[in-house]
1. Go through (1) assigned to a helix (DSSP H, G or I); (2) buried (at least 18 other Cβ atoms within 10 Å of the Cβ) one by one and return the number of the condition A207 breaks.
2. Six or more apart or on different chains, Cβ under 8 Å: which pairs go from a residue in region 135-164 that's without any contact (Cβ under 8 Å) to a residue 60 or more places away in the chain to one that's of a type in the set (F, W, Y) and open to solvent by 80 Å² or more (accessible area, probe 1.4 Å)? Could you list them?
3. If A184 passes every condition in (1) open to solvent by less than 40 Å² (accessible area, probe 1.4 Å); (2) farther than 19 Å from A115 by Cβ; (3) touching a residue at least 40 places away in the same chain (Cβ under 8 Å) but one, which one does it miss?
4. Hey, among D114, D104, which residue is among the acidic types (D, E) and in contact with a Ser or Thr (Cβ under 7 Å, 6 or more places away or on another chain)?
5. Go through W122, W176 for me and flag whichever is surrounded by 15 or more Cβ atoms within 10 Å (Cβ to Cβ), aromatic (F, W, Y), out of contact with any Gly (no Cβ under 6 Å at 6 or more places or on another chain) and touching a residue at least 12 places away in the same chain (Cβ under 8 Å).
Amino acid sequence: MARRDGARRIGLLGGTFNPVHIGHLRGALEVSELLDLDELRLIPSARPPHREAPQVTAEQRLAMARLAVAGEPRLTVDDRELRRDKPSFTFDTLASLRDELAADDQLFLLLGWDAFCGLPTWHRWQELLGHCHILVLQRPDADSEPSEALRDLLAARSVTDPRSLSGPSGQISFIWQAPLAVSATQIRQLLAQGRSVRFLLPDAVLAYIHAHDLYRATTVS
């Protein structure tokens, strides 16, 4: 494991978490264990630039995320994007985190394969590796194709073993994960239909959804 004395290792998983579910949580936990991270932060986005605004409030999504990680010391929630009065650009989030960390602390940005393939559309995407390593969560059923720019980036920056990523930032590695057949869209649709979503998300999150009457048919797009 490429840990240097005193350097912290922090993972970052962003998303709308609308709602947070076992796919998010299990994937985050597996990465945290594999890389022996000091913490892995879930970062709910306030105004995601690449998709429509969530139907529930930012405060409700934050509350559900906090309930989901309660009792799991390796996972935490970071609300900085909800405190920012502008779209949730990953570059800005990474820059603000870097300002708070020691120079040799390692940041690991977790991206699904589809998100990684869309990276060239992101704000200041070519500068992201100046702040972090990128971990691509690849699944056997992924079928998107990276652009030529991404293929060039992978040729220059990829590392085969994610456990050997060195330095605070600058490299890319892949982590293969078995897919969990669950999505936030599926959960919202089931709730709108009055069907059970038990075991697709933590019980505490489900209790919150019911208590606040979230994702009723009138609120599902």
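1. (2)
2. Close Cβ pairs satisfying both conditions: Q138/W176; R139/W176; P140/W176.
3. With respect to (1) open to solvent by less than 40 Å² (accessible area, probe 1.4 Å); (2) farther than 19 Å from A115 by Cβ; (3) touching a residue at least 40 places away in the same chain (Cβ under 8 Å), A184 is out only on (2).
4. Matching residue, one of D114, D104: D114.
5. Residue meeting the stated conditions: W122.
The values are calculated or read from the model by the stated rules, or taken from the named source; none is laboratory data. Everything numeric in this text was worked out from a predicted model, so none of it was measured. In this analysis, Cβ positions are derived from the backbone assuming ideal geometry, glycine residues included, and neighbour counts consider all displayed protein chains. In case anyone asks, the SASA skips ligands and DNA or RNA and just uses the protein heavy atoms, side chains included. Shrake-Rupley method; radii C 1.70, N 1.55, O 1.52, S 1.80 Å.
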